[in-house]
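S.K.: Have a look at this one.
No value in this document is a laboratory result; all are computed from the given coordinates. Small disclaimer: the values here were computed from a predicted structure and weren't measured. Heads up, the Cβs are rebuilt from the backbone with ideal geometry, glycines too, and the neighbour counts pull from every protein chain shown.
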């Protein structure tokens, strides 16, 4: 049986700010942006400068599970692969993405509220 690394403590550091930002999001684009920034912050804590992350390397995909996509640069990086397969990182990202998608779908159902806020 392989040893699994847990990154829950890193998740707990970013979670309060993420929840606050997601709840204050006024558009679906805000939700996507806040998700990416949070994942970047999480990855920067975990990988501590070993991998450079760009905004374009992470995206929220509300239409299909696991609700996010990572660039091939990440997926094929040896540093990333070793951490990804032997840790709870996929589950952490899924939970963050699930929260973001829930808010995304809520905002998508009520675009008139978003448009009203933008006009004010």
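S.K.: Mind checking whether some residue in segment 91-100 is without any contact (Cβ under 8 Å) to a residue 24 or more places away in the chain and touching a strand residue (DSSP E or B) at 6+ places or on another chain (Cβ under 8 Å)?
M.R.: No, every residue in segment 91-100 fails to be without any contact (Cβ under 8 Å) to a residue 24 or more places away in the chain and touching a strand residue (DSSP E or B) at 6+ places or on another chain (Cβ under 8 Å).
S.K.: Among the residues that make up segment 7-16, is at least one of them within 13 Å of residue 93 (Cα to Cα), surrounded by fewer than 14 Cβ atoms within 10 Å (Cβ to Cβ) and touching a residue at least 12 places away in the same chain (Cβ under 8 Å)? I'd like the intermediate steps shown before the answer.
M.R.: Filtering segment 7-16 for residues within 13 Å of residue 93 (Cα to Cα) gives 7-8, 10-12, 14-15.
Narrowing the set further to residues that are surrounded by fewer than 14 Cβ atoms within 10 Å (Cβ to Cβ) leaves 8, 12.
Applying the additional criterion that residues be touching a residue at least 12 places away in the same chain (Cβ under 8 Å) yields 8.
Yes, because at least one residue in segment 7-16 is within 13 Å of residue 93 (Cα to Cα), surrounded by fewer than 14 Cβ atoms within 10 Å (Cβ to Cβ) and touching a residue at least 12 places away in the same chain (Cβ under 8 Å).
S.K.: Give the residue that is surrounded by the fewest Cβ atoms within 10 Å (Cβ to Cβ), with candidates limited to residues of segment 47-90 that are under 19 Å from residue 28 (Cβ atoms) and in contact with a strand residue (DSSP E or B) (Cβ under 9 Å, 6 or more places away or on another chain).
M.R.: Restricting to residues being under 19 Å from residue 28 (Cβ atoms) and in contact with a strand residue (DSSP E or B) (Cβ under 9 Å, 6 or more places away or on another chain), the top hit is 61.
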